[in-house]
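Below: the structure, in structure tokens.
Values in this text are rule-based calculations from the coordinates and carry no lab data. This structure is a prediction, so every number in the text was calculated from the model and none was measured. Every residue, glycine as well, gets a Cβ built from its backbone with ideal geometry; the counts of neighbours run over all protein chains shown.
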Amino acid sequence: MTETVAAIVAAHRTKTMTPAQTVARSYQRIREHNDPAIFISLRDEQEALAEAARLTDPTLPLYGVPVAVKDNIDVAGLPTTAACPAFSYLPAKDSTVVARLRAAGAIIIGKTNLDQFATGLVGVRSPYGIPKNPVRGDLVPGGSSSGSAVAVSAGLVPLSLGTDTAGSGRVPAMLNNIVGLKPSLGLISNAGLVPACRTLDCISVFSLTVDDALAALAVMAGPDDADPFSRDRPLGPLAAFPAKLKLGIPKSGQLIFFGDREAETAYGAALTRWQALGAELVEFDLEPFYETARLLYEGPWVAERYLVIRDLLASSPDAIHPVTREITIGGARPTAADTFAALYRLQALRRVAARTFAQLDAIVLPTAPTVYSTADVLANPIELNSRLGTYTNFVNLLDLCGLALPAAMRPDARRSASRCWRRPAAMRSLPASAACSTPTPDLRLARRRCRNHRSPRSPRRPPPTRSRSRWSARISPAWR
């Protein structure tokens, strides 16, 4: 589906297509694409078509738009598995975000695959298989929101929901050549979400353009009494491109690309395009942000993951992916003293970050330092997964928001992307043309890329089977 949300809604309003026709087209493309690892469960097609046919208000902002939902977010009538069959339950009602999407005219198509319990940035830790990356089939799809990102990139739906605790809504966007929007903490309700780290989780958006992502955000954002972590952060109107935009870039020598010169070159080219737009690039010290990321690795936040599945760990440990199991077991070890020590240090680092942003409108960083093949990750699962989070792990700890957007297609067809992070008010103050993080010259380039996007059809494959673990039991900084 190379059609954007905006184009689909316009077609429905002018009656050149009906919502039911668009939904039927989505299901047909899912059949033709034939990758059973993208969706864990699909909604009955006739039920979805009937819901689309019942839509009567063309002024709805998502009038008849097909949407896929990550399978750790509740959708009434479909099981929530978090990619763990033993954990599966049937929710009695929609999550708050799904209810708001339906009220805006969206049609839910199905539940997408993920790294089990949203633990990973690679998209290969699921008993339901590994979704094939539509950009280049040998690359990892990214995680943990693997199926949601692939569903948009492959053209099956124009919009999908992921989640983001330390990069799961941004790294898959980079790897699939699409937009990934990570809101501020509490901006979107998490009621009906299986938590990973409850104090850090955000429901995120994948789309083909920034305009589409912001349209979804506008529908979903808002306080919710059902979520004690929800905050009232009203969205304001988008502004014009600022005359003197100050973008932070790390001091010389602070960026890490793990030897990937193509990624380093693409990042430099993105900065040059920002300068051509009139932005001023201002150096800042990235080390406090790296230190924040190390708190996530070495601090007590893994205990939040342990809380989610400790009963399952006790009753059926073999039902949990071995990497996920080893990671979460470690969450039983931190003491209360460890937790407070980490919180004290985090508060100090937040003050440092606030001083940085007092001088800047946003910071611009690569989404990830490099990319890896599925074979690479299966051979070295812990270290390579960790590397992908180099520039994403600190963001939720510092309560920042941002976008990951395509920057360049490399000669080897691997995707390079950059993104920047803002203080919590970013979604209210930055212009659509700046897109908060895009290093592309403007949204016209992003839209042109989307219109030209074509996804290869996958060969027919047998249904997925339960896969045996090929991951090392050596665990440490892989728990995003």
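Placing dummy labels 7 Å off each Cα toward the beta-carbon, the span from ARG294 to SER88 is 4.3 nm. Counted by Cβ distance under 14 Å from LEU78, the other residues give a net charge of -2, where Lys and Arg count +1 and Asp and Glu count -1. Under 14 Å from a label point set 7 Å out along the Cα-to-Cβ vector of ARG13, the amide N atoms of the range 57-71 belong to 57-65. Of the trypsin sites (Lys or Arg not before Pro) found in the range 4-40, those that fall in a DSSP loop while having at most 15 other beta-carbon atoms within 10 Å are LYS15.
Across the range 179-257, how large is the tail of the calculated P(r) beyond 17 Å, expressed as a percent of all Cα pairs? In whole percent, the long-distance tail amounts to 60. Taking label points 7 Å from Cα along the Cα-to-Cβ direction, THR265 and ALA354 give a separation of 4.3 nm. For THR2 and MET409, the FRET efficiency from 1/(1 + (r/R0)^6), where r spans their Cβ atoms and R0 equals 25 Å, is about 0.95. Provide the FRET efficiency to the nearest 0.05 for the ARG333-GLN254 pair, computing r from the beta carbons and using R0 = 35 Å. That pair, ARG333 with GLN254, gives E of 0.65. When Lys and Arg each count +1 and Asp and Glu each count -1, what net charge do the other residues less than 10 Å away from GLU51, Cβ to Cβ, add up to? That sum, taken over residues with Cβ under 10 Å, equals +2.
In this simple spin-label model, placing a label point 7 Å from the Cα along the Cα-to-Cβ direction at both ASP318 and ASN34 gives a separation of 3.5 nm. About its Cα centre, the dipole of the chain is roughly 840 debye, where the only charges are +1 on Lys and Arg Cβ and -1 on Asp and Glu Cβ. Pairs with C-alpha atoms separated by more than 26 Å, drawn from the list LYS70/LYS132; LYS15/LYS132; LYS182/LYS246; LYS70/LYS251; LYS111/LYS182, are LYS15/LYS132; LYS70/LYS251.
Legend: Rg and Dmax of the chain, from Cα coordinates, 20.6, 63 Å.
Shape verdict for the range 202-328, please, from the Cα gyration tensor: rounded (a/c under 1.5), prolate (a/b greater than b/c) or oblate. Here the range 202-328 falls in the oblate category. At full extension, GLN21 and ALA375 could sit 123.5 nm farther apart than now, given 0.36 nm per residue minus the alpha carbon distance.
When the charge dipole of the range 315-354 is built from unit charges on Cβ atoms (+1 for Lys and Arg, -1 for Asp and Glu) and taken about the Cα centre, the candidate among ALA354, THR335, PRO317 whose Cα reaches farthest toward its positive end is ALA354. Within straight-line reach of LYS244, meaning a Cα separation under 15 Å, sit the following aspartates and glutamates at least 8 residues removed in sequence or on another chain: GLU280, ASP361. Rounded to the nearest 0.05, the FRET efficiency derived from the C-beta distance between ALA50 and ASP311 at R0 = 41 Å is 0.60.
Sorting the segments 129-137, 80-88, 147-155, 326-334 by their mean number of nearby beta carbons within 10 angstrom, highest to lowest, gives 147-155, 129-137, 80-88, 326-334. Once the chain from PHE241 to GLN347 is taken as fully extended at 0.36 nm per residue, the excess over their C-alpha distance is 34.9 nm. Distance between the C-alpha centers of the range 331-382 and the range 66-141? Whole Å please. A separation of 25 Å, based on Cα centres. Between ASP232 and VAL282, residue separation times 0.36 nm minus the direct Cα-Cα distance comes to 14.8 nm.
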